[in-house]
Amino acid sequence: HSTRGYGACGWLQTLPTVSWARFTPSLYRILLCMHLGLPQRLTFGGCKCACGATVDDRGYHYLTCRRGGHRITTHNSMVRHLHSMTRACNYVSRIVNLTPLFRTATGRHVPDQVIFDWCDDGTHLATDTSITCPCAATYRAEAAHVPGSAGKTRETKKRVKYVALCEAADMQFSPLVF
């Protein structure tokens, strides 16, 4: 159902006007097969991921793996692009790495970016980006019946993790879920 939701095929209709938005023919074939749920030709099936898992023939494992997949690369690339866009709009922002801004008794919680003086009253905005895939085991059952549910579930988890911490630091918070 996620492939039938509003905007699910938007990437197929977008003209690549900037270089970073262009796909090589082989990458385009891989993405199209993933979108249609088809097995990948000559790739993936039976390969071992860096995490030790056997990769499925559709390559879905790479979308969700926290160790060897494209999820982290995509996340970091998206954070950099959002940071560039924020700065292009003349906001002062910072990609937050391992700073002690949000330490709690249960561990370190660090948002991806802080945008300073977001509002006229001097309020700062913390953002945290998440790349979701409805094919992930965590979301698959519900995503098969409810379009957009993977993103909504991830947004809720981000809010639970960061809203109270940001309020304590006198900041607003916005999850950016893709």
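Some observations on this one:
- Yes/no for HIS1 being modelled with pLDDT of 75 or more, closer than 26 Å to ARG66 by Cβ and surrounded by 12 or more Cβ atoms within 10 Å (Cβ to Cβ): no
- Residues in the range 139-178 that are farther than 29 Å from SER84 by Cβ and touching a residue at least 40 places away in the same chain (Cβ under 8 Å): 5 in all.
- Wholly within the range 53-164, strands (runs of 3 or more DSSP E) carrying at least 1 residues that are modelled with pLDDT under 90: 92-95, 124-130
- Looking only at the range 17-49, residues that are at pLDDT below 70 and part of a loop (DSSP other than H, G, I, E, B) come to 6 in all.
- Condition met for THR132 (among the hydroxyl-bearing types (Ser, Thr, Tyr) and under 13 Å from the mean Cα position of the chain (by Cα)): yes
The values are calculated or read from the model by the stated rules, or taken from the named source; none is laboratory data. As the structure is a prediction and not an experimental result, all values here were calculated from the model. Quick reminder, even Gly has a Cβ in these numbers, built from the backbone with ideal geometry, and neighbours come from all protein chains shown.
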